[in-house]
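S.K.: Structure in structure tokens, see below.
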Amino acid sequence: MTTVPSTTFNLDQLNEQFESASPTEIITWSVQNIPTGLVQTSAFNVDDIILTDILYKTLGTRTPVIFLDTLYHFKETLELVGKVVEIYGLDLRTYKNLDVDTREAFAAKFGEALWDTDILKFHEITKIEPLQRGLDELNTVAWITGRRRDQAVTRANMPIFELDGKSRLKINPLAAWTRKQSWAYVAEHKVIYNPLHDQGYPSIGDEPITTRVGEGEDERAGRWRGTGKTECGIHI
């Protein structure tokens with residue numbers, strides 16, 4: 001099959017066409033129109049696993065799934081990754097910093113608690129560079145994310161279809177969904193999810209810099225609390 005350049009798509013037309021479409025309809029279009037070079041990126045939050053469920057269970061694809069091993073995930077997240085791989089037969093592609101394999105080695109090379117002294121460098125090392133390397137190695141034309149507009153005010157105007165910094169098509173099938181709709185899907189389809197979601201963590205990132213979220217706060221308020229950051233950098 002021939003890879004379809006992302007620049008051949010009319011973003012305005014696609015966003016108008018699919019604004020009221022279901023995530024399954026959006027992903028179905030993506031699978032049908034991007035025969036090679038389609039990947040999913042996943043942090044194994046509940047929305048990510050919903051998309052995996054659609055890709056693997058509903059549509060029966062073998063879409064590669066990129067996971068960024070920062071070395072600082074919660075143990076519950078890593079246990080969940082293993083379970084999802086087993087349940088779906090996931091084509092998991094794990095990417096991480098090339099120089100270190102453990103938290104101890106990371107601290108020795110980059111300093112203790114780098115996230116406290118230089119959060120931008122921490123995210124460049126653990127997420128931004130590994131993601132870009134993964135997308136490049138997989139010859140990515142388009143990538144699917146689990147972002148929703150209601151997760152944070154900074155995502156309120158997020159389109160369903162957009163281009164990333166390298167002109168790859170970036171697809172956000174859940175953009176128009178609410179948190180309530182996501183959890184309704186989980187209940188209906190019996191989708192596995194991280195037990196930390198039931199313990200006050202609606203959005204789960206790295207253990208040292210993810211806190212519980214209080215009533216009335218944005219879903220992602222527990223990520224990088226006190227740093228002034230709203231994104232780790234992979235979606236900017």
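S.K.: Please specify each residue of the range 132-142 satisfying the condition of being surrounded by 20 or more Cβ atoms within 10 Å (Cβ to Cβ) and over 15 Å from W29 (Cβ atoms).
M.R.: Listed by number, the residues that qualify are G134, L135, T140.
S.K.: Can you find even one residue in the range 13-22 that is touching a Gly at 6+ places or on another chain (Cβ under 8 Å) and either touching a residue at least 60 places away in the same chain (Cβ under 8 Å) or farther than 16 Å from V191 by Cβ (or both)?
M.R.: no
S.K.: Count, please, the residues in the range 69-125 that happen to be polar (S, T, N, Q) and over 22 Å from L196 (Cα atoms).
M.R.: The number of residues fulfilling the criteria is 3.
S.K.: Given (1) at pLDDT 95 or above; (2) polar (S, T, N, Q); (3) within 14 Å of W143 (Cα to Cα), where does T58 come up short, assuming only one miss?
M.R.: Condition (3) is where T58 drops out.
S.K.: Restricting attention to the range 179-210, and to residues there that are at pLDDT 95 or above and β-branched (V, I, T), which single residue is farthest from Q17 (Cα to Cα)?
M.R.: So the residue we want is I192.
S.K.: Could you grab the pairs with beta carbons closer than 8 Å, sequence gap of 6+ or different chains, first residue in the range 194-212 and touching a residue at least 12 places away in the same chain (Cβ under 8 Å) and within 16 Å of L68 (Cβ to Cβ), second one aliphatic (A, V, I, L, M) and part of a helix (DSSP H, G or I)?
M.R.: Partner pairs satisfying both residue conditions: N194/V46; N194/L80; I204/L196; I209/I119.
S.K.: Kindly indicate which of E124, E112, E188, E207 is of a type in the set (D, E), within 19 Å of F74 (Cβ to Cβ) and out of contact with any Lys or Arg (no Cβ under 6 Å at 6 or more places or on another chain).
M.R.: Just one listed residue meets the conditions, E207.
S.K.: Go through the range 136-172 and give me each residue that's out of contact with any Ser or Thr (no Cβ under 8 Å at 6 or more places or on another chain) and closer than 20 Å to Y56 by Cα.
M.R.: Scanning the range 136-172 gives L138, T140, R147.
S.K.: When the residues of the range 70-89 are narrowed to those that are in a loop (DSSP other than H, G, I, E, B) and touching a strand residue (DSSP E or B) at 6+ places or on another chain (Cβ under 6 Å), which ends up surrounded by the most Cβ atoms within 10 Å (Cβ to Cβ)?
M.R.: T70
S.K.: Sort through F44, F67 and tell me the only one that's modelled with pLDDT of 95 or more, in a strand (DSSP E or B) and either within 17 Å of the chain's Cα centre (by Cα) or on the phi > 0 side of the Ramachandran plot (or both).
M.R.: One residue alone meets the criteria, F67.
S.K.: Taking the stated definitions as given, is T28 over 18 Å from the mean Cα position of the chain (by Cα) and surrounded by 15 or more Cβ atoms within 10 Å (Cβ to Cβ)?
M.R.: yes
S.K.: Moving to a separate point now. Quick check on L98: is it surrounded by fewer than 15 Cβ atoms within 10 Å (Cβ to Cβ) and under 13 Å from S42 (Cα atoms)?
M.R.: Spelling it out, it is not the case that L98 is surrounded by fewer than 15 Cβ atoms within 10 Å (Cβ to Cβ) and under 13 Å from S42 (Cα atoms).
S.K.: Which residue out of G222, G214, G228 is over 18 Å from I54 (Cα atoms), modelled with pLDDT under 95, among the small types (G, A, S) and in contact with a Phe, Trp or Tyr (Cβ under 8 Å, 6 or more places away or on another chain)?
M.R.: G222
S.K.: Yes or no: the range 17-25 includes at least one residue that is touching a strand residue (DSSP E or B) at 6+ places or on another chain (Cβ under 6 Å), outside any helix (DSSP H, G or I) and surrounded by fewer than 16 Cβ atoms within 10 Å (Cβ to Cβ).
M.R.: The answer is no, given that none of the residues of the range 17-25 is touching a strand residue (DSSP E or B) at 6+ places or on another chain (Cβ under 6 Å), outside any helix (DSSP H, G or I) and surrounded by fewer than 16 Cβ atoms within 10 Å (Cβ to Cβ).
S.K.: Looking at the range 108-121, is at least one residue surrounded by fewer than 21 Cβ atoms within 10 Å (Cβ to Cβ), touching a residue at least 12 places away in the same chain (Cβ under 8 Å) and touching a Leu at 6+ places or on another chain (Cβ under 8 Å)?
M.R.: Looking through the range 108-121, none of the residues is surrounded by fewer than 21 Cβ atoms within 10 Å (Cβ to Cβ), touching a residue at least 12 places away in the same chain (Cβ under 8 Å) and touching a Leu at 6+ places or on another chain (Cβ under 8 Å).
S.K.: Tell me which residues, restricted to the range 143-191, are among the hydroxyl-bearing types (S, T, Y) and loosely packed, with under 14 Cβ neighbours inside 10 Å.
M.R.: Within the range 143-191, S167, T178 meet the criteria.
The values are calculated or read from the model by the stated rules, or taken from the named source; none is laboratory data. Here the structure is a predicted model, which means the values were calculated and not measured. Reconstructed Cβ throughout: ideal geometry from the backbone, glycine too, with neighbour counts over all protein chains shown.
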